[in-house]
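Each remark here refers to the structure printed beneath this line.
The values are calculated or read from the model by the stated rules, or taken from the named source; none is laboratory data. Remember, it's a predicted structure, so these values are computed and weren't measured experimentally. Positions of Cβ are backbone-derived with ideal geometry, glycine not excepted, and every protein chain shown enters the neighbour counts.
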Amino acid sequence: MAPNRFCFKGAKRALPIVLGYVPIGFAYGVLAGKNGISEINTLLMSLVVFAGSAQFIAVGLFASGTGAAAVILTTFVVNLRHLLMAAALAPYLSGWKRRHLAFFSFQLTDESFALHSLKATELWERQAEALSLNITGQFSWVMGTVLGIVASGLIGDVKPLGLDYALAAMFIGLLVSQCKDKIRVITALVSGGIATALYLLGFHQFHIILATVLGASLGLGVERWIKH
């Protein structure tokens with residue numbers, strides 16, 4: 001397959017991410033502007049940091065007067081999950097050059113990880129497609145940020161626009177695309193049920209992580225039991 005087709009296919013696969021990143025990046029740009037962060041620093045965060053949740057957290061911390069050291073430490077902890085995602089894909093990238101690995105890992109996000117996981121065993125031979133998927137994702141995030149910066153002086157509150165739901169909607173879309181068999185459907189439903197129950201019980205900080213671990217463990221156990 002020709003390299004240009006690889007790039008086109010990667011960009012096409014990134015469409016669900018683009019549909020989520022543009023409005024979320026827009027919301028980030030607006031919020032950053034409303035909280036006194038300069039336009040250049042708002043844009044640089046999307047170019048250099050490129051971490052949606054961490055960027056929103058950083059904006060809130062800066063707005064509350066938190067020092068730089070605390071902001072850096074907080075965003076570092078929030079993004080520790082990227083180590084696990086990178087480790088999960090690393091075995092399938094053994095043939096890549098270091099510069100490509102560095103570029104790939106820099107642009108790896110929760111959403112792109114979900115898409116790469118669907119074709120993890122093919123990553124070693126689909127380098128251009130994988131990189132173009134990541135590039136398309138960040139490009140859409142940066143474009144959303146630029147639009148948000150431009151509109152920050154015109155919009156007072158993003159909530160009436162429903163932009164705060166864009167992130168959840170994007171994750172739902174990615175989840176549905178992965179539910180290709182009964183085991184995955186059951187795993188998704190059980191994980192969602194556990195997360196909801198834990199939240200109602202007061203575990204507001206760790207309910208997602210606990211539900212993910214428990215749901216994934218259950219799904220793995222059921223899959224192994226069926227195969228054996």
Looking only at the stretch 96-110, which residues are of a type outside the set (Phe, Trp, Tyr), in a helix (DSSP H, G or I) and under 15 Å from SER132 (Cβ atoms)?
HIS100
Looking at GLY52, is it surrounded by 19 or more Cβ atoms within 10 Å (Cβ to Cβ) and modelled with pLDDT of 85 or more?
no
Helices (runs of 4 or more DSSP H) contained entirely in the stretch 13-95, each with at least 3 residues that are in the same structural domain as ILE172 (by TED's automatic domain parsing) and either in contact with a strand residue (DSSP E or B) (Cβ under 7 Å, 6 or more places away or on another chain) or more than 21 Å from HIS116 (Cβ to Cβ) (or both)
15-34, 39-44, 52-63, 68-78
I'd like to know if the stretch 114-132 contains one or more residues that are outside any helix (DSSP H, G or I), free of Cβ contacts under 8 Å to residues at least 24 places away in the same chain and out of contact with any Gly (no Cβ under 6 Å at 6 or more places or on another chain).
yes
GLU39 meets each of (1) modelled with pLDDT of 85 or more; (2) surrounded by 10 or more Cβ atoms within 10 Å (Cβ to Cβ); (3) under 20 Å from the mean Cα position of the chain (by Cα) with one exception, condition (3)
Among the candidates GLY156, GLY202, GLY192, GLY221, which residue alone is at pLDDT 80 or above, assigned to a loop (DSSP other than H, G, I, E, B) and not hydrophobic (A, V, I, L, M, F, W, C)?
GLY202
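Taking the stated definitions as given, is LEU89 in contact (Cβ under 8 Å) with a residue 60 or more places away in the chain and not acidic (Asp, Glu)?
No.
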Given the conditions (1) surrounded by 15 or more Cβ atoms within 10 Å (Cβ to Cβ); (2) touching a Gly at 6+ places or on another chain (Cβ under 8 Å); (3) touching a residue at least 24 places away in the same chain (Cβ under 8 Å), which single one is not true for GLY219?
(2)
